[in-house]
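Structure, as structure tokens:
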Amino acid sequence: MTVQDKRDYLVENFDINIVYATHVASQIGKESFNDEYIERFLRNKPKPFVKWVGGKRQLLGQFRSMGLYPPQEFNPTVNTYFEPFVGGGAMFFDLLPLKASINDINSELVVTYTTIRDNAENLISELNSGKYIYDKDVFLNIRAWELEGVSEIKRAARFIYLNRTAFNGMYRVNKSGKFNVPFGRYSNPQICDENNIRRVAEVLKNTKVSNTSYKYILDEAKKGDFVYFDPPYYPVSKTSSFTTYSNDVFLEKEQEELKDVFIELHNRGCFVMLSNSDTPFIEKSFSKYSKDGVVINRVSANRAINSNASKRGKVFEILVANFR
């Protein structure tokens, strides 16, 4: 069987997307290509190593059912997948593309990605050292660390620990750039998932990881590449925005600049998707390009974070794409 034959078999018989099917087909030799081995391989698929507010894990099935994900004409054996606001990487880990470039402006998150890629075993040893226990006093002490001069292994361990023990897996900093999410209430949080960290490390070996502006992609993306933008959302009201990645703002000016990058990539022949809040401002920003093949879709999502419990639940988001 060729890689394409195996890919087609996987798509037809297993509930996986065509990009991941290409990855699996390239990893499993013909002598092992049977249903029992395939199911075992799929059970060991890497998954996001952090919880992330606004992550797209819950929406991927909806994207697929709408025929919007992944783009059918994207060739993962030739072209590259880009995710410039990677966050927890729900889409990246769902696709597991053969060639990928991920980026985020959150330096602590990127340090964690690169530490897992380059130094997974030492990170696991640090997390299992006994320093990172689920205890409020320990949490407050680790949250208060001054990071200047701290090794990347310890910074990555701190990031994972805080993500697993802080309220709802939020990442939020104050105006001074200090992490300020309160202690979370869990029964028995798993702080170090050794097996998954090792699996993630293997995937990241062939992935470019960067910590820069999302605009870097204009220097690298070419025709046929697939780009997914999941930026800080435009606030639906004056009181709905909170700082998550950093103390940088991402309001009208920044959203317009991102739209311009989207259109530039569209004109270049890239497959481009963008998620954002369902607001008149975002809709108006993209609707003028509908005649050029840019389509605005609405998807329903669960809002888990709100100080008012009555405002949690189903909301609508916009998914902009230049393909069907």
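The values are calculated or read from the model by the stated rules, or taken from the named source; none is laboratory data. What you see is a predicted model, and the numbers here were worked out from it, not measured in a lab. Quick reminder, even Gly has a Cβ in these numbers, built from the backbone with ideal geometry, and neighbours come from all protein chains shown.
Results, tabulated for the structure shown:
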{"item": "Candidates Asn174, Asn141, Asn188, filtered to the one that is without any contact (Cβ under 8 Å) to a residue 24 or more places away in the chain and either touching a Gly at 6+ places or on another chain (Cβ under 6 Å) or exposed (fewer than 13 other Cβ atoms within 10 Å of the Cβ) (or both)", "result": "Asn141"}
{"item": "Residue match in the stretch 281-300 (condition: within 30 Å of Pro182 (Cβ to Cβ), at pLDDT 95 or above and not in a loop (DSSP other than H, G, I, E, B))", "result": "no"}
{"item": "Candidate set: the stretch 228-245, residues that are surrounded by fewer than 17 Cβ atoms within 10 Å (Cβ to Cβ) and modelled with pLDDT under 60; chosen: the one farthest from the chain's Cα centre (by Cα)", "result": "Thr239"}
{"item": "Of the criteria (1) assigned to a loop (DSSP other than H, G, I, E, B); (2) over 26 Å from Ala100 (Cβ atoms); (3) modelled with pLDDT under 95, which one Tyr134 fails", "result": "(3)"}
{"item": "Criterion: surrounded by 21 or more Cβ atoms within 10 Å (Cβ to Cβ), in contact with a strand residue (DSSP E or B) (Cβ under 6 Å, 6 or more places away or on another chain) and either within 30 Å of Thr77 (Cα to Cα) or in contact (Cβ under 8 Å) with a residue 40 or more places away in the chain (or both) - qualifying residue of Tyr113, Tyr132", "result": "Tyr113"}
{"item": "Criterion (of a type in the set (S, T, N, Q), assigned by TED's automatic domain parsing to the domain that holds Phe229 and within 17 Å of Leu10 (Cα to Cα)) met by exactly one of Asn75, Asn79", "result": "Asn75"}
{"item": "Enumeration of residues in the stretch 215-227 that are among the aromatic types (Phe, Trp, Tyr) and buried (at least 20 other Cβ atoms within 10 Å of the Cβ)", "result": "Phe226"}
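Residues checked against (1) aliphatic (A, V, I, L, M); (2) touching a strand residue (DSSP E or B) at 6+ places or on another chain (Cβ under 6 Å); (3) modelled with pLDDT under 95:
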{"position": "Val24", "(1), (2), (3)": "yes, no, no"}
{"position": "Asp35", "(1), (2), (3)": "no, no, no"}
{"position": "Pro46", "(1), (2), (3)": "no, no, no"}
{"position": "Arg64", "(1), (2), (3)": "no, no, yes"}
